[in-house]
Amino acid sequence: MTATGIAVGANKGHVVTKRDLAPRASRRKGYLSKKVKFVRELVREVAGLAPYEKRIIELLKVGKDKRALKVAKRKLGTHLRGKKKREEMAGVLRKQQKAAHK
């Protein structure tokens, strides 16, 4: 919808040229940087898994995905965070199983 310069109608209004603006810093929110990713991997390697994370992995091993989600949700507070944690723990489990096969 561009303005026509006419005072009435669907595209009414003064004609202006659109300015190219740089994206705001707030648009980066949630983006995972290389440094943060590295630090998180290092902490996970050194500290290992929390007890509730180990429980989630055990539940995933026996195929109780729904129960694993309930445990994660209870510990983390929201459904979305619980789903994300369950997926993360499923990835950890896959890595463990892959390492065991080698």
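Positive-end ranking of Gly63, Ala90, Gly77 along the dipole of region 49-101, with charges on Cβ about the Cα centre, is headed by Gly77. Per-residue ellipticity at 222 nm computed for the chain from its helices equals -19500 deg cm²/dmol, with DSSP H segments shorter than 4 residues left out and the rest contributing -39,500 (n - 2.57). Among the chymotrypsin sites (Phe, Trp or Tyr not before Pro) within the chain, those in coil by DSSP and having at most 15 neighbouring Cβ atoms inside 10 Å are Tyr31. Computed from backbone phi, the HN-Hα couplings of region 39-45 come to 4, 5, 5, 5, 4, 4, 5 Hz, rounded to whole numbers (Karplus: 6.51 cos²θ - 1.76 cosθ + 1.60, θ = phi - 60°; Gly and Pro given as x).
A viscosity of 1.567 mPa s and a temperature of 4 °C, combined with the Kirkwood radius over Cα pairs in Stokes-Einstein, give a translational diffusion coefficient for region 1-76 of 72 µm²/s.
Here the Karplus curve 6.51 cos²θ - 1.76 cosθ + 1.60, taken at θ = phi - 60°, turns the phi angles of region 63-71 into couplings of x, 9, 5, 5, 5, 4, 5, 4, 5 Hz, with x standing for Gly and Pro. Rounded to the nearest 20 debye, the dipole size of the chain about its Cα centre is 360 debye, using +1 on the Cβ of Lys and Arg and -1 on the Cβ of Asp and Glu. The 3J(HN,Hα) values that the Karplus relation (6.51, -1.76, 1.60; θ = phi - 60°) gives for region 14-22 are, in residue order, 6, 7, 10, 8, 6, 8, 8, 10, 5 Hz. Gly and Pro appear as x. Take the Cα radius of gyration of region 49-101 and divide it by 2.2 N^0.38 Å, N being the number of residues; the result is 1.06.
All of the numbers you see were taken from the coordinates with simple rules; none came from a lab. It should be emphasised that the depicted structure is a prediction, and the values quoted were computed from it without experimental measurement. With ideal geometry, Cβ positions are generated from the backbone for all residues, glycine too; neighbour counts draw on all protein chains shown.
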